[in-house]
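Taking it in order: structure first as C-alpha cells, then the write-up.
Read-outs throughout are calculated quantities, based only on the coordinates presented, and are distinct from any laboratory measurement. As the structure is a prediction and not an experimental result, all values here were calculated from the model. Backbone-built Cβ (ideal geometry, glycine too); neighbour counts: all protein chains shown.
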Amino acid sequence: MDRPIGMFDSGFGGLTVARAAIDLLPTEDLVYIGDTGRYPYGSKPLDEVRGYARELAWSLVKEHNAKAIVVACNTATAAGLTELRAELPVPVIDVVRPGSSALVRTTTTGRVAVIGTVGTMSSGAYVNAVTETGAPVRLTSAACPGFVEFVERGQTTGDEVTVLAERLLAPIRAAKVDALLLGCTHYPFLARTIGDVMGPDVTLVSSADETAFALRNRLEQLGLLRSTDVVGQHRFLSSGDVRVFRDLGNQLLGPELDHTESWNPPDS
C-alpha cells in the first residue's frame, strides 16, 4: 500500500511522534502538517480546536491520499477524536490511549500522573483513558501552560524553564508518583528539565513510541503496511513561517525537515 501516512499537530510537538514512526516504519511515506500559524491549541476553546483538526485531517486525506491519520496532538485528540473517527474514511490513531496504557504498565506503586495543556486536562481525556485500562492506579493531573510556548521558541532548557517547571510540577511532586506521562507531544523536548525537577525516582513516559507501535499494529491488521525495501519519503508542511518551521524542526527532528512546504487552511 503506497499511500502515505498522514500526521498533524499544532506545531512542533508531533515531531516526536513523527520521529518514532519514521524509525519504526522506515519504508512508509509520511506527510506531516504543523499548524504553527494557529498554535498553541491548548488555550483555545475545544470547539475551535475541533474545527482545526477536521481541516487538517481532511486535507491529508483529500490532498495527499493518506491511508491513515495520526492525530499527533493531545489537545486535538481530546477535542475531536470521536468526530474524526466517525467521519473519516481511513483509520485514525491517537496519542492518548497508547500513552495511558504505557503509564499504567510503568508504575510499581500505583501512584501515577499526567501533565498536559489546559485544553487536554480540562477535557478529562486522560482520566477516561486511564480508567478504561482497568488498572488500580491513583491518577494526579496538572495543566502546564507555558511549556508549549517554550518549545515553539526552541527554548528547552535554562533557568526560566526550570522555574516554571518547579511551580507547575509542585502538585505532582507532592503526590509522590513514580510514573509521569508527558501528555503533550511537545513535552518530551523538555524531558531533561522535567526529569531534573521530578527526581530520579520518577519515570517519564512519552506517548510517541507507543503511538508508533499502535500505528504499525493498526496498519498491519488492515493490510496497509507498505511491502518494499525502499526508504519512505517524508513531506513536512507548515501553516506558519516555513523557514522557522524548517530551521527549528531540523534541530528537533533531524535532516528530514530540510524540505518544508507551506500549507494553507481552507478559509485562508
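Where nothing but the Cβ of Lys and Arg (+1) and of Asp and Glu (-1) is charged, how large is the charge dipole of the chain around its Cα centre, in debye to the nearest 20?
On the way: 24 positive and 32 negative charges, 129 e Å.
The calculated dipole for the chain is roughly 620 debye.
What percent of all Cα-Cα pairs in segment 141-268 falls into each 10 Å bin, going from 0 up to the bin containing the maximum distance?
With 10 Å bins starting at 0, P(r) equals 11, 30, 31, 22, 6, 0.
I need the peptides 249-259, 89-99 ranked by packing, meaning the mean over residues of other C-beta atoms within 10 angstrom, with the highest value on top.
Listed from highest to lowest mean packing, they are 89-99, 249-259.
Treating only the Cα positions of the chain as identical point scatterers, give the base-10 log of I(q)/I(0) from the Debye formula at each q in 0.14, 0.17 Å⁻¹.
Cα-only, vacuum Debye calculation for the chain: -0.92, -1.35.
Can you give me the relative contact order of the chain as a percent, contacts being Cα pairs under 8 Å and 6 or more apart?
Details: 530 pairs, mean separation 71.8, N = 268.
Reported relative contact order: 27 percent.
Percent of alpha carbon pairs in segment 96-207 separated by more than 22 Å? Before the final figure, lay out the partial values.
On the way: 1453 of 6216 pairs.
For segment 96-207, the fraction of Cα-Cα distances above 22 Å is 23 percent.
Relative to the longest principal Cα axis of the chain, at what angle does helix 96-106 sit, 0 to 90 degrees, rounded to 10?
40 degrees
Give me the net charge for the shell around Val177: Cβ to Cβ below 13 angstrom, other residues only, Lys and Arg +1, Asp and Glu -1. Don't skip to the end; give the middle numbers.
On the way: positive: Arg111, Arg138, Arg173, Lys176; negative: Asp178, Asp201.
It works out to a net charge of +2.
How big is Rg to Rh over segment 5-83, alpha-carbon atoms, Rh as the Kirkwood inverse-mean-distance radius? Present the calculation step by step, with values, prior to reporting the outcome.
Values: Rg = 12.0 Å, Rh = 12.5 Å.
My calculation of the ratio gives 0.96.
Any idea what log10 I(q)/I(0) is at q = 0.23 Å⁻¹ for segment 210-258, Debye with uniform C-alpha scatterers and no solvent?
-0.89
Which whole-number percent gives the relative contact order of segment 1-126, counting Cα pairs below 8 Å spaced six or more residues apart? Don't skip to the answer; put the middle values down first.
On the way: 186 pairs, mean separation 35.9, N = 126.
Across segment 1-126, relative contact order equals 29 percent.
What is the Cα centroid distance between segment 54-72 and segment 246-267, reported in whole angstrom?
17 Å
Can you give me the relative contact order of segment 96-207 as a percent, contacts being Cα pairs under 8 Å and 6 or more apart? Can you show the working numbers first?
Values: 182 pairs, mean separation 41.2, N = 112.
Computed over segment 96-207, the figure is 37 percent.
Cα centroids of segment 1-52 and segment 129-149: how far apart, whole angstrom?
Each part reduced to its Cα centre gives a spacing of 21 Å.
I need the calculated FRET efficiency for the pair Glu63 and Asn128, taking r as the beta carbon distance and R₀ as 35 Å, to the nearest 0.05.
The pair Glu63/Asn128 has a calculated efficiency of 0.60.
With a 10 Å radius around each residue's Cβ, average the other Cβ atoms per peptide and rank 146-159, 63-76, highest first. Mind showing how you got there, number by number?
Values: 146-159: 16.9, 63-76: 25.8.
Highest mean packing first, the order is 63-76, 146-159.
Mind pulling the angle between the C-alpha long axis of helix 74-87 and the longest principal axis of the chain? Nearest 10 degrees, somewhere in 0 to 90.
The answer is roughly 40 degrees.
Measuring from label point to label point, each 7 Å out along Cα→Cβ, what is the Arg173 to Asp258 span in nm?
Going from the Arg173 label point to the Asp258 one covers 4.3 nm.
Angle, helix 15-24 long axis vs. longest principal axis of the chain, Cα atoms, 0 to 90°, nearest 10?
On a 0 to 90 degree scale, this one is about 70.
Quick one: which of 10-23, 187-200, 165-178 comes out on top by average Cβ neighbours within 10 Å, and what's the full order, highest first? Intermediate results must be reported in sequence, preceding the final value.
Details: 10-23: 25.9, 187-200: 18.4, 165-178: 16.1.
Answer by packing, highest mean first, reads 10-23, 187-200, 165-178.
Taking a quarter of the surface of the convex hull around the Cα atoms of segment 11-166, what do you get in nm²? Provide the component values of the computation, followed by the final result.
Details: hull surface 40.8 nm².
Quarter of the Cα hull surface area: 10.2 nm².
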